[in-house]
Amino acid sequence: MNFELNKQQEFVVKTIRKFAENEVKPIAAEIDENHRFPHETVEKMGKMGLMGLPVPREYGGAGGDLLSYYLAIEELGKVCATTAVICSAHISLVTWPIFHFGTEQQRRKYIPDMAAGRKLGAFALTEPNAGTDSAKQETKAVLDGDEYVLNGIKTLITNGGPADVFLVFAMTDKSKKNKGISAFIVEREDEGFFIGENQRKMGICASSTVNLTFKNCRIPKDRLVGKEGQGFKIAMQTLDGGRIGIAAQALGIAEGAFEEALTYLKTRKQFGGPLTRMQALTFEMAELKTEIEASRGLIYHAIDLKQRGLPYSEFASMCKLHTAETAMRVTTRCVQFMAGYGFSKDYPVERMMRDAKVTEIYEGTSEVQKLVISSKFI
Amino acid sequence: MAFNIIVCAKQVPDSDLVRIDPKTGSIIRKGVPGVLNADDANALEEALKIKDKHDDVYITVVTMGPPQAEEVLFEAIAKGADEGILINDIALASSDTFVTSTVLKTAIEKWAADNGEISLVFAGREATDGDTAQVGPQLAERLDIPQVTYASSFEISEDMKTVTISRKLEGYHEEVEVNTPCLVTAIKDLNQPRYPHMHNVFAPMKITSWNIEDLGLDADSVGLAGSPSVVISSFPLKKGKGGMFVEGESGAEQAANLLAALKDKRII
């Protein structure tokens with residue numbers, strides 16, 4: 001066992017860190033303040049091949065390994081959680097399932113544009129009355145000749161505002177509950193498909209979160225992903241990979257806040273010296289640092305299993321659970337260490353604290369992760 | 001025939017992190033990551049821009065340095081260069097610019113003998129660790145091709161036979177037209193270097209390493225032994241304190257104000 005990064009992985013870290021410092025960090029506070037989706041950053045990420053980093057080369061991706069991909073998400077998360085989730089949702093929740101479960105024709109049609117960042121993806125499972133209880137899906141898809149007709153509402157859809165390609169889950173056979181859910185590709189221009197206004201949130205404010213409405217939305221029947229009834233399986237397997245992405249994002253948030261607080265403690269002088277002389281603070285920083293590294297270990301374990309094609313959903317849940325809670329704790333304590341300045345919008349840690357909260361909620365709440373983990377040993 | 005471009009690059013200590021040891025006066029390199037020299041990144045970018053626009057352009061990046069200097073070749077290929085050559089030999093340690101330009105010339109000629117004529121050579125104006133700005137011009141002389149230094153803009157004709165360059169000099173610009181092959185040294189104003197592309201990062205890379213034997217060079221003619229110039233010491237400059245700007249609408253008024261200030265301080 002070896003935790004050393006290889007040459008490519010190190011280069012990815014170095015490159016994305018520089019990109020994050022120069023292109024993402026300078027606008028992070030502004031896009032948060034204005035709830036503005038950073039289109040320019042998505043374009044830049046597309047230009048450098050980041051939006052298709054783990055996608056195979058024959059479909060226009062970079063053909064990179066999974067660890068490199070998650071390292072990139074972590075680096076983005078250090079300076080801007082919004083930018084990290086735009087990339088993670090696009091790759092893990094939409095590109096991956098279309099690639100993995102889609103037909104060759106679907107792959108050829110969608111993946112190259114998505115890998116190049118020309119088209120952005122959004123994953124649409126959640127409904128007003130169906131969160132974790134996905135069997136309560138009210139969105140229906142009915143086959144009518146060569147078309148499926150979709151009706152219903154999805155809510156809290158990340159990337160939904162600017163997205164071009166939507167992976168939408170809908171009931172094709174209500175009587176079968178979860179086994180009656182199917183997955184479909186819906187395109188932005190499809191008739192009867194309406195994208196709602198941005199929903200305002202506590203954190204990741206620049207990320208687009210919208211309602212989607214389907215009113216007799218007719219799509220060709222070859223937009224079905226997998227077979228009828230496989231939607232729940234597709235969603236769950238997709239979320240397993242997505243959870244590692246959110247864990248990587250949460251790790252980045254925690255590290256970003258830790259670095260900010262450390263710089264502050266080193267330079268802030270009280271009672272005749274820097275605050276790093278206060279053991280009450282440095283001991284707690286030591287605990288936080290340990291939690292951060294423990295999170296990294298869990299994430300790497302999950303990635304290793306996934307990369308080797310072994311079952312990893314348990315570790316995906318454990319790394320997300322642990323890292324999300326770590327991010328919440330680290331950011332909350334960093335605000336405390338920096339006290340008045342931590343609370344001020346002049347410093348980024350208050351934003352990081354607000355952003356950290358969502359990592360305990362989306363792509364399965366912490367409670368859902370505990371369900372997944374406990375189901376493995378009960 | 002391909003339009004072959006050579007880009008000379010150097011790995012330098014990250015200038016944001018470099019410190020000078022106050023006791024020895026030498027640069028503390030330990031623990032300081034190496035980066036692609038800033039002006040060389042501009043040189044590479046200009047070569048890549050030609051490749052963006054024209055077919056059949058082949059970019060080879062050449063660097064001389066320790067084994068870890070391969071990192072700059074990795075970065076250059078990740079940005080879009082086709083090939084990298086690392087000239088690495090312990091005998092090359094402490095080479096001055098005279099030796100460096102000789103070694104680069106020998107390597108470029110060896111590459112050309114194997115692959116075809118060189119159409120254009122790019123180099124950065126100077127390296128941030130040496131600040132000599134001598135290697136580019138010396139290399140042009142040794143290759144016996146025209147040189148245009150301090151390029152702040154660059155345009156190549158459609159037939160790729162001539163280039164028009166704006167040189168940024170003290171207080172003015174000079175427009176130059178020159179035929180290829182030629183050597184151009186780049187400055188920061190020339191362009192904005194791109195980020196590496198992930199597609200290139202995970203593709204196989206062609207990086208070759210040559211030692212002095214490969215180049216047919218003698219150990220006595222390179223490194224410290226072959227270098228006519230030797231750095232005796234380096235030391236941080238003492239920062240002057242304060243200072244003042246002499247203001248005034250015209251030169252005459254500024255002179256009068258300066259005179260008044262000097263008198264006020266009883267200097268004259």
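Within segment A:49-70, can you find the residues that are part of a helix (DSSP H, G or I) and open to solvent by less than 10 Å² (accessible area, probe 1.4 Å)? Matches in segment A:49-70: A:LEU50, A:MET51, A:GLY52, A:SER68, A:TYR69, A:TYR70. Hey, among the residues in segment A:7-28 that are within 16 Å of A:GLU74 (Cβ to Cβ) and open to solvent by 70 Å² or more (accessible area, probe 1.4 Å), which one's farthest from the other protein chains (Cβ to nearest Cβ)? Applying the filter and picking the extreme gives A:LYS25. In the condition set (1) open to solvent by less than 10 Å² (accessible area, probe 1.4 Å); (2) within 18 Å of the chain's Cα centre (by Cα), A:ASP32 is compliant with all but (1).
Please work out which residue is surrounded by the fewest Cβ atoms within 10 Å (Cβ to Cβ), limiting yourself to segment B:185-206 and to residues that are β-branched (Val, Ile, Thr) and under 20 Å from the mean Cα position of the chain (by Cα). Step by step, filter segment B:185-206, then rank; the result is B:ILE187. Going by the structure shown, is A:THR209 within 26 Å of A:LYS345 (Cβ to Cβ), among the β-branched types (Val, Ile, Thr) and more than 25 Å from the chain's Cα centre (by Cα)? When the stated conditions are applied, A:THR209 does not pass them.
If only residues of segment A:108-145 that are among the basic types (Lys, Arg) and surrounded by fewer than 19 Cβ atoms within 10 Å (Cβ to Cβ) are counted, the one that is nearest to A:THR41 (Cα to Cα) is A:ARG118. Looking across segment A:96-136, just one residue is in contact with a Leu (Cβ under 8 Å, 6 or more places away or on another chain) and within 19 Å of A:LYS176 (Cβ to Cβ), and that is A:SER134. Would you check if B:GLY240 is under 30 Å from B:THR97 (Cβ atoms), surrounded by 14 or more Cβ atoms within 10 Å (Cβ to Cβ), at pLDDT below 90 and not basic (Lys, Arg)? Judged against the criteria, B:GLY240 is not a match. In a residue-by-residue description of segment B:149-157, the property of being out of contact with any Leu (no Cβ under 9 Å at 6 or more places or on another chain) and either at pLDDT below 95 or within 23 Å of B:LEU48 (Cβ to Cβ) (or both) applies to at least one position. From the list A:PHE193, A:PHE184, exactly one residue is touching a residue at least 24 places away in the same chain (Cβ under 8 Å), among the hydrophobic types (A, V, I, L, M, F, W, C) and in contact with a helix residue (DSSP H, G or I) (Cβ under 8 Å, 6 or more places away or on another chain). Which is it? Residue meeting the stated conditions: A:PHE184.
Looking across segment A:176-235, just one residue is out of contact with any Ser or Thr (no Cβ under 6 Å at 6 or more places or on another chain), of a type in the set (Phe, Trp, Tyr) and open to solvent by 20 Å² or more (accessible area, probe 1.4 Å), and that is A:PHE232.
Whether any residue in segment A:30-39 is within 14 Å of another protein chain (Cβ to nearest Cβ), in contact (Cβ under 8 Å) with a residue 40 or more places away in the chain and under 26 Å from A:THR359 (Cβ atoms) is what I want to check. Taking every residue of segment A:30-39 in turn, none turns out to be within 14 Å of another protein chain (Cβ to nearest Cβ), in contact (Cβ under 8 Å) with a residue 40 or more places away in the chain and under 26 Å from A:THR359 (Cβ atoms).
Before we move on, is A:GLY77 more than 14 Å from chain B (Cβ to nearest Cβ), open to solvent by less than 10 Å² (accessible area, probe 1.4 Å) and in contact with a strand residue (DSSP E or B) (Cβ under 7 Å, 6 or more places away or on another chain)? No, not satisfied.
The values are calculated or read from the model by the stated rules, or taken from the named source; none is laboratory data. This one's a predicted model, so the numbers in the text were calculated from it and none came from an experiment. Every residue, glycine as well, gets a Cβ built from its backbone with ideal geometry; the counts of neighbours run over all protein chains shown. Heavy atoms of the whole protein, side chains included, go into the accessibility calculation; ligands, DNA and RNA do not. Shrake-Rupley method; radii C 1.70, N 1.55, O 1.52, S 1.80 Å.
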